[in-house]
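Have a look at the structure below, then the notes.
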Amino acid sequence: MTNTRSFPRSSTPVIFQSLIHALNGRWHKRAMQIFMLIILVHLSEHLFQGFQLWVLHWPRPQCLGVLGLFYPSLVHSEWLHYGHALFMLLGLALLRPAITIGQALFWWNIAFAIQFWHHIEHALLLGQSLIHNNLYKFAAPVSIAQIVAQYFSVLPFTGQPWLPRIELHLFYNLIVLIPMLIALRYHRFPPANDVEVR
């Protein structure tokens, strides 16, 4: 008698189910390493932008990170930022089934929720860029976080937003990464009293 594992019936194509099964089974460690490497490289770009701004005192428009030194138009592209936000969201979703320990799953879900919002913010920025119409007639596309910050700053809704994008993007990337790292710590070294969630 052959023992085969079958997937529950669903509308998801078999090839996609097989991919999810592999990413959370035999390929999980390598997939997680590649995912984290891409995230850390992206974060290093934001950290380098901060270094250019706060340490080297470069003018804000010239603080483009390492990639921006060689391909400035690419860094200004909202498509690049939206693509990375979508990549992170999909990565968090696709690698989630292997995160089964209670605390790890809790922190992974927090990272997913924050990244979902981050993705919405980038979709809004991309939309403004595509239709060439910025919210509240700002000089550049603005996110909801920037609009809220502008409201509480009591500054007029014109020109450049009070909350700059360099700081905002660094903040968003850090607040997604921190719960991910906590989740991976619990995933790799689960507490003795933590229960597996299926």
Some residue of segment 128-150 being without any contact (Cβ under 8 Å) to a residue 60 or more places away in the chain, over 27 Å from PHE48 (Cα atoms) and under 14 Å from the mean Cα position of the chain (by Cα): no
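Assess whether PRO161 counts as being surrounded by 17 or more Cβ atoms within 10 Å (Cβ to Cβ), more than 21 Å from the chain's Cα centre (by Cα) and farther than 30 Å from ILE101 by Cβ.
For PRO161, the condition - surrounded by 17 or more Cβ atoms within 10 Å (Cβ to Cβ), more than 21 Å from the chain's Cα centre (by Cα) and farther than 30 Å from ILE101 by Cβ - is met.
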Residue under evaluation ILE99, criteria (1) surrounded by 19 or more Cβ atoms within 10 Å (Cβ to Cβ); (2) without any contact (Cβ under 8 Å) to a residue 24 or more places away in the chain; (3) not charged (D, E, K, R), criterion not met: (2)
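A quick yes/no check of all residues on (1) at pLDDT 95 or above; (2) not in a helix (DSSP H, G or I):
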| site | (1), (2) |
| --- | --- |
| SER11 | no, yes |
| GLN17 | no, no |
| ARG26 | no, yes |
| MET36 | yes, no |
| ILE39 | yes, no |
| LEU69 | no, no |
| PHE87 | yes, no |
Scan of segment 51-66 for residues that are assigned to a helix (DSSP H, G or I), buried (at least 16 other Cβ atoms within 10 Å of the Cβ) and either in contact with a Leu (Cβ under 9 Å, 6 or more places away or on another chain) or at pLDDT below 95 (or both), ordered by number: GLN52, GLY65
Pair list, Cβ < 7 Å and 6+ apart or interchain, from segment 173-187 residues that are in a helix (DSSP H, G or I) to residues that are at pLDDT 95 or above and surrounded by fewer than 17 Cβ atoms within 10 Å (Cβ to Cβ): ASN173/LEU43; LEU177/LEU43
Test for LEU130: is it crowded, with 19+ Cβ neighbours inside 10 Å and assigned to a helix (DSSP H, G or I): no
Members of segment 65-110 that are farther than 15 Å from HIS169 by Cα, of a type in the set (Gly, Ala, Ser) and within 12 Å of the chain's Cα centre (by Cα): GLY91, ALA93
Verdict on VAL142 being in a loop (DSSP other than H, G, I, E, B), out of contact with any Ser or Thr (no Cβ under 8 Å at 6 or more places or on another chain) and hydrophobic (A, V, I, L, M, F, W, C): yes
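The values are calculated or read from the model by the stated rules, or taken from the named source; none is laboratory data. Please read all numbers here as calculations on a predicted model, not as lab measurements. Because the Cβ atoms are built from the backbone with ideal geometry, glycine has one as well, and the counts that use them run over all protein chains shown.
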